[in-house]
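The values are calculated or read from the model by the stated rules, or taken from the named source; none is laboratory data. These figures come from a predicted structure and were not determined experimentally. SASA here: full protein model, heavy atoms, side chains in, ligands and nucleic acids out. Shrake-Rupley method; radii C 1.70, N 1.55, O 1.52, S 1.80 Å.
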Amino acid sequence: RRVVELGSGCGLAGLAFMLKGARVTLTDLSEVTKALTSQNANAVYKRALTSWQGGSTLHEPTVEPIDWTCEYAAPTEGAFDIVLLTDCIFSSVLTPHLIRQIKRLAGKNSEIICCHEIRDVEANDSFLAALAEICTIRRIQQSKLHPEFSSNLINVVIAKPRRKKGGAARAV
């Protein structure tokens, strides 16, 4: 599966997918990818190669700078199977830009996974409303989260592109 992580920072979530055999593209601002993401991704990949015993192939992660506020072509060809967002919802001003990037990177069969701590209620509400316009959303109940990580401030959402009437998928 092809996974893109938006706002990946150190790339923890995306690299976990890599260790499960996914082809991963980690994205963040240029300054972050240079100072943190690339170094961490390379270190984790090299360490995993020395002890790899997974049943699937280990694919080297790709790191791409992306500024949500700029027009941007997808880092690789085609839609990603999973668009991953971890702790990216913190500014309602950025919501339209983030939604635009999700639309660019997701396809009709993609899954959008978003996990974040609610730091700004307005940002959370505007993001979920905008995402609901293009996707069906399923919120993971607090009772389903690990007790140590369960809180009313933790939001885990899985979204899929909406289907048009008649069963045809709608591109995000």
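Tabulated data
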{"quantity": "The chain: relative contact order in percent, alpha carbon pairs under 8 Å with at least 6 residues between", "calculated": "20"}
{"quantity": "Within the chain, helix-based [θ] at 222 nm, where runs of 4 or more DSSP H residues each add -39,500 (n - 2.57), nearest 500", "calculated": "-8000 deg cm²/dmol"}
{"quantity": "On Cα atoms only, tilt of 121-134 relative to the major axis of the chain in degrees", "calculated": "90"}
{"quantity": "Helix 38-51 axis, angle to the chain major axis (alpha carbon atoms, nearest 10°)", "calculated": "60"}
{"quantity": "DSSP bridge pairs, the chain: antiparallel proportion in percent, nearest 5", "calculated": "40"}
{"quantity": "Distance violations [Cα-Cα > 28 Å] among K20/K108; K34/K103; K20/K144; K34/K144", "calculated": "K34/K144"}
{"quantity": "Calculated on alpha-carbon atoms, Rg and Dmax of the chain in Å", "calculated": "16.1, 50"}
{"quantity": "Protein accessible area in segment 1-56, 1.4 Å probe - carbon and sulfur %", "calculated": "56"}
{"quantity": "Principal-axis tilt of helix 95-105 within the chain, Cα atoms, nearest 10 degrees", "calculated": "60"}
